[in-house]
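Chemist: I'd like to ask some things about the structure below.
The values are calculated or read from the model by the stated rules, or taken from the named source; none is laboratory data. In this text the structure is predicted, and so the values were computed from the model without any measurement. As a convention, Cβ positions derive from the backbone with ideal geometry for all residues, glycine included, and neighbour counts pool all protein chains shown.
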Amino acid sequence: MSAAEQGLTVALVGNPNTGKSTLFNALTGLRQRVGNYPGVTVARKSGQCDCGDGTKVELIDLPGLYSLSAASPDEQVVIDALSGHLAEDRRPDAVVVVIDATNLLRNLFLASQLSELDLPVVLVLNQADVATEQGLKINTELLSRRLGGIPVVLTSAWKGEGIAAVRRAIGEALRARVRMPAVEWPSLVAEALADVAAGVAADIGRAPGRADVERLLFDSTSSVGQRLGWAAPRRDVVIRAARDKVRRAGYNPLAAEPLIHYERLRKLLEGVVQGGGNRTGGSAAVDQVLLHRVLGPVVFAGIMLGMFAAVFWLAKFPMQWISGGVDALKLGVAPLLDGMPMLQSLVTDGMIGGVGAFLAFLPQILILFLFVSILEDSGYMARAAFIMDRLFSWCGLNGKSFVPLLSGFACAIPGILSTRTIEDPKARLATAFAVPFMSCSARFPVYALMCAAFIGPLYGPGWESVVMVGMHCVGLLFAVPTAFVLTRFVLKVKPQPFVLELPRYQMPKPRDVLWRMWQNAAEFVSRAGTVIFAITIIVWALSYFPRDPAVEQRIRATSVGVAPEVVDAQVQSAYVEQSWMGRFGKSVQPIFDPCGFDWKITVGVLASFPAREVIVSTLGVTYSVGEGAEADSKHLQQVMRAAKWTEGPRVGTPIFSLAAILALMVFFALCSQCGPTVATLAQETGGWKWAAISFVYMTALAWLMAVAVYQGVSRLA
Amino acid sequence: MTPLSQLLPGQYGKLTSLNPERSVDQRLMALGLLPGMVLKLVRKAPLGDPLAIEFAGQVVSLRLTEAQTIIIDVAADCPIQRPRPQA
């Protein structure tokens, strides 16, 4: 029988850095489903776990957290999931609490809070091998006895030890349903809790759960009241009176919960742990080097350079194989559809091209997540954030924004995906919003074409490099103030305190790393991939239809004795000109006229929505050079240099003046002409709202700056 | 009584007070940083901010601005002591 049929679910909770994910992977054997909790960007992972006796349960891996205070979306999801307040999930039948065996006290705080939820608990003391190395001896029987007889299991998920015992313990917990004894509150605190419970019951007509009542009393801001439908004025009166009672017991109401729980735990752990000396010893020695004032940044720069080089250069090889494979497939399929030109173009340029469009991102995503997973699992990511935080904190981001922003210089897609490592939802969103401003490698061909065709020949290679470097800085120049304004004035999300654990260094487990790479890639393909495919098909259709054969016949009839490839290029150019895309480009050209763009550039800008670099080949088509033109095409460069305005006030002057090419480059540096980025933003921010805002904002900004550059430079020159 | 933000790297002492109204302090309390507990400023980040502090067998990073209202009673036996400001 499947887990769903039996309907038993077990939740896995624990602090971050306890090896929870490794344990989850070991228990479910990678038979997992990954999704998102609706409305929040918190991943929902679940998998099937065998309890060792054939019983199967659905194991849900809840986000790692330190307490139930419901300050962050992650914490909110956990408390809602465990109290059965998530629309799609029932309340779990049991909870497995994963604990770092080397720091029982700190880790048991969460377990102690969970004891209020009145669920059967299995306590897993993970990383037992490290505890043993540190000379710690843990009396699990005594601990179990003191916790009311719940199963307590020592494991080393990394080494795969104790996994079978966890399976058996889950089965036992589901049968015996032993709860962890709840905290004994001092009498005045207990009274205060009872007052809040009575207040809720009187106002909403049903008794709230114990955990909910505690959240209401102890947390300065809690959404529990809202969820229960307990209205503010009454609620505030009851809670204020109850908190006064807590004060009379001698506690600050906002500090009472940790004080009482930790007091309880200290007594509970007496005699449970023996031995153990310097618990942070080994990692402290490594930190002497990795966080050293001089060496630290040097090592950091080296690691980041290696990561960037891998994403930027190394990914090029598999990307070439993919594009080579896509081209070969096109060539192989095309002859099968000879005689059906429309279908042939749909299949080769639209469909195969569309699949190729999102497959091309996979190497970069996989390589970046290889690095991100290793950095996170080893414990270095927290150190990287520690080193970089100062540079980012002033504009509302934090040290963890660095990796996504850096990856953005290779490609915005993996950059946006890697913002998942940022716990603070506000900083995460602001970082994801800033990433597309980084000058990605798809903008490079645009700069390269303009520089090779104009800047180099006219001003020399020195200026060529200056412009190249300058263009890579333009985005950064606008990203930083954007993040500042966004976090300071726009985003109403409550910021999370940047309190970051610098965990013990650990060897990453290859299976976990590979699994995470795979999961991210698979999610990207299934979510953003479909949108990217659709965008490619739509843009293909807009550039293909309508296709009046008379256009082609007219050109072929009038160009006798002209080389066939020249005629072909003219035919293509004419088809694009009278396509929907061409017509649309011509009709919106007046909008881009102040930037100095003619209708051909405008079509290039519009048609490059599936991918920025497409503008180069589109210019190749509209300027009748032929398909497949690349940035280093001498022919295209020549044609562009010769292109002159044929109508309007600028008639006879070159289209690609210095002002126009600078404006075009600035436009591309800032605009959001990248469907995959927009789709990924939507995937990662949990809806189209922020993706749409980003697109409109960046496009408007790009247009404004292009106008400013064109008008400014043409007046100066 | 010294704010945590003014501790020297290597200095340690007892936590005398923090502000439970602030979310940073709430997070620290959840991690087990409670009045009376000994904490040590392990180091500052290369750019001087944030700080890495050690308490209850763990190392945690927090920002300078957030450390200003966390008050420490530097231990008398702490080998590193801030030199007295000269009059």
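Chemist: If you take the residues of the range B:45-54 that are touching a strand residue (DSSP E or B) at 6+ places or on another chain (Cβ under 6 Å) and either at the interface with chain A (Cβ under 8 Å from one of its Cβ atoms) or modelled with pLDDT under 95 (or both), which of them is nearest to residue B:75 (Cα to Cα)?
Modeler: Restricting to residues being touching a strand residue (DSSP E or B) at 6+ places or on another chain (Cβ under 6 Å) and either at the interface with chain A (Cβ under 8 Å from one of its Cβ atoms) or modelled with pLDDT under 95 (or both), the top hit is B:54.
Chemist: Return the pair list, or none, for Cβ contacts closer than 7 Å from residues in the range A:172-197 that are of a type in the set (Gly, Ala, Ser) to residues that are surrounded by fewer than 18 Cβ atoms within 10 Å (Cβ to Cβ), at least 6 apart or on different chains.
Modeler: Pairs that qualify, where the first residue is of a type in the set (Gly, Ala, Ser) and the partner is surrounded by fewer than 18 Cβ atoms within 10 Å (Cβ to Cβ), are A:197/A:207.
Chemist: Given the range A:173-232, what helices (runs of 4 or more DSSP H) lie entirely inside it while holding 3 or more residues that are touching a helix residue (DSSP H, G or I) at 6+ places or on another chain (Cβ under 7 Å) and at pLDDT 90 or above? Let's see the steps before the verdict.
Modeler: Working: elements: A:187-204, A:210-218, A:224-228.
Because the criterion is at least 3 residues that are touching a helix residue (DSSP H, G or I) at 6+ places or on another chain (Cβ under 7 Å) and at pLDDT 90 or above, the helices (runs of 4 or more DSSP H) in the range A:173-232 that meet it are A:187-204, A:210-218.
Chemist: Restricting the range A:473-504 to residues that are within 8 Å of chain B (Cβ to nearest Cβ) and not in a loop (DSSP other than H, G, I, E, B), which is surrounded by the most Cβ atoms within 10 Å (Cβ to Cβ)?
Modeler: Going through the qualifying residues, I end up with A:500.
Chemist: Still on this structure: Is it true that some residue in the range A:514-536 is in contact with a strand residue (DSSP E or B) (Cβ under 6 Å, 6 or more places away or on another chain) and either within 14 Å of chain B (Cβ to nearest Cβ) or on the phi > 0 side of the Ramachandran plot (or both)?
Modeler: Scanning the range A:514-536, I find no residue that is in contact with a strand residue (DSSP E or B) (Cβ under 6 Å, 6 or more places away or on another chain) and either within 14 Å of chain B (Cβ to nearest Cβ) or on the phi > 0 side of the Ramachandran plot (or both), so the answer is no.
Chemist: Please pick out the residue among A:173, A:164 that is among the hydrophobic types (A, V, I, L, M, F, W, C) and surrounded by fewer than 21 Cβ atoms within 10 Å (Cβ to Cβ).
Modeler: The unique qualifying residue is A:164.
Chemist: Inspect the range A:405-424 for any residue being closer than 24 Å to residue A:490 by Cα and of a type in the set (Phe, Trp, Tyr) and give the result as yes or no.
Modeler: Within the range A:405-424, none of the residues are closer than 24 Å to residue A:490 by Cα and of a type in the set (Phe, Trp, Tyr).
Chemist: Looking at the range A:505-610, what helices (runs of 4 or more DSSP H) fall wholly within it and have at least 3 residues that are under 30 Å from residue A:35 (Cα atoms)?
Modeler: On the way: elements: A:510-544, A:549-558, A:564-578, A:580-592, A:599-607.
Hits in the range A:505-610: A:510-544.
Chemist: Look at residue A:677 and say whether it is β-branched (Val, Ile, Thr), in contact with a helix residue (DSSP H, G or I) (Cβ under 6 Å, 6 or more places away or on another chain) and within 18 Å of residue A:543 (Cβ to Cβ). First the steps, then the outcome.
Modeler: Working: β-branched (Val, Ile, Thr): yes; in contact with a helix residue (DSSP H, G or I) (Cβ under 6 Å, 6 or more places away or on another chain): yes; within 18 Å of residue A:543 (Cβ to Cβ): no.
So residue A:677 fails the test.
Chemist: Condition check: farther than 18 Å from residue A:374 by Cα and over 15 Å from the mean Cα position of the chain (by Cα). Does residue A:534 satisfy that? Even if it seems obvious, please write down each step before you answer.
Modeler: Numbers: farther than 18 Å from residue A:374 by Cα: yes; over 15 Å from the mean Cα position of the chain (by Cα): yes.
So residue A:534 passes the test.
Chemist: Scan the range A:75-121 for residues that are out of contact with any Lys or Arg (no Cβ under 6 Å at 6 or more places or on another chain), assigned to a helix (DSSP H, G or I) and not hydroxyl-bearing (Ser, Thr, Tyr) and report the count.
Modeler: The qualifying residues number 19.
Chemist: Wholly within the range A:236-337, which helices (runs of 4 or more DSSP H) include no fewer than the required count, namely at least 3 residues that are surrounded by 12 or more Cβ atoms within 10 Å (Cβ to Cβ), within 14 Å of chain B (Cβ to nearest Cβ) and not acidic (Asp, Glu)? Give the steps one after another, and end with the answer.
Modeler: On the way: elements: A:256-268, A:281-290, A:295-309, A:316-333.
Answer list for the range A:236-337: A:256-268, A:281-290, A:295-309.
Chemist: Consider the range B:10-23. How many of its residues are in contact (Cβ under 8 Å) with a residue 60 or more places away in the chain, surrounded by fewer than 20 Cβ atoms within 10 Å (Cβ to Cβ) and in contact with a strand residue (DSSP E or B) (Cβ under 6 Å, 6 or more places away or on another chain)?
Modeler: The first filter runs over the range B:10-23 and keeps only residues in contact (Cβ under 8 Å) with a residue 60 or more places away in the chain, leaving B:10-14.
Next, from what is left, pick out any that are surrounded by fewer than 20 Cβ atoms within 10 Å (Cβ to Cβ): B:10, B:14.
Among the residues that remain, those that are also in contact with a strand residue (DSSP E or B) (Cβ under 6 Å, 6 or more places away or on another chain) are: B:14.
So the count comes out to 1.
Chemist: Would you please name the residue that is farthest from the other protein chains (Cβ to nearest Cβ), looking only at residues in the range B:24-44 that are more than 26 Å from residue A:286 (Cβ to Cβ) and surrounded by fewer than 20 Cβ atoms within 10 Å (Cβ to Cβ)? Break it down stepwise before answering.
Modeler: Here is the first cut: in the range B:24-44, the ones more than 26 Å from residue A:286 (Cβ to Cβ) are B:24-26, B:29-30, B:34-36.
From what's left, surrounded by fewer than 20 Cβ atoms within 10 Å (Cβ to Cβ): B:34-36.
On the way: B:34: 6, B:35: 8, B:36: 10 Å.
The extreme case among them is B:36.
Chemist: Being part of a helix (DSSP H, G or I) and polar (S, T, N, Q) is the filter; apply it to the range A:381-411 and report the residue that is farthest from residue A:363 (Cα to Cα). Write out each step before concluding.
Modeler: Keep residues of the range A:381-411 that are part of a helix (DSSP H, G or I), which gives A:381-393, A:399-408.
Pick out the ones that are also polar (S, T, N, Q) and you get A:393, A:401, A:407.
On the way: A:393: 31, A:401: 22, A:407: 13 Å.
Going through the qualifying residues, I end up with A:393.
Chemist: Let me ask another. Do we have any residue at all in the range B:69-76 that's at the interface with another protein chain (Cβ under 10 Å from one of its Cβ atoms) and of a type outside the set (A, V, I, L, M, F, W, C)? Even if it seems obvious, please write down each step before you answer.
Modeler: Just the residues of the range B:69-76 that are at the interface with another protein chain (Cβ under 10 Å from one of its Cβ atoms), to begin with: none.
There is no residue in the range B:69-76 that is at the interface with another protein chain (Cβ under 10 Å from one of its Cβ atoms) and of a type outside the set (A, V, I, L, M, F, W, C).
Chemist: Still on this structure: Every residue in the range A:434-459 that is of a type in the set (Ser, Thr, Tyr) and more than 26 Å from the chain's Cα centre (by Cα), please.
Modeler: A:447, A:459, listed by residue number.
Chemist: Which one of these is more than 30 Å from the chain's Cα centre (by Cα) and more than 28 Å from residue A:529 (Cα to Cα): A:347, A:294, A:298, A:286? Can you show your working first?
Modeler: Working: A:347 fails: more than 28 Å from residue A:529 (Cα to Cα); A:298 fails: more than 30 Å from the chain's Cα centre (by Cα); A:286 fails: more than 30 Å from the chain's Cα centre (by Cα).
None of the others qualify; the one that does is A:294.
Chemist: Conditions first: (1) away from every other protein chain (no Cβ under 14 Å); (2) within 27 Å of the chain's Cα centre (by Cα); (3) closer than 29 Å to residue B:33 by Cα. Residue A:116 passes all but one, so which condition is the exception?
Modeler: That leaves (2) as the condition not met.
Chemist: Would you mention how many residues in the range A:682-716 are over 14 Å from residue A:482 (Cβ atoms) and part of a helix (DSSP H, G or I)? If you could, list the steps in order and put the result at the bottom.
Modeler: Taking the range A:682-716 as the starting set, the residues that turn out to be over 14 Å from residue A:482 (Cβ atoms) are A:682-689, A:691-692, A:703, A:706-716.
Restricting the remaining residues to those that are part of a helix (DSSP H, G or I) gives A:682-685, A:688-689, A:691-692, A:703, A:706-716.
Counting residues in the range A:682-716 that are over 14 Å from residue A:482 (Cβ atoms) and part of a helix (DSSP H, G or I) gives 20.
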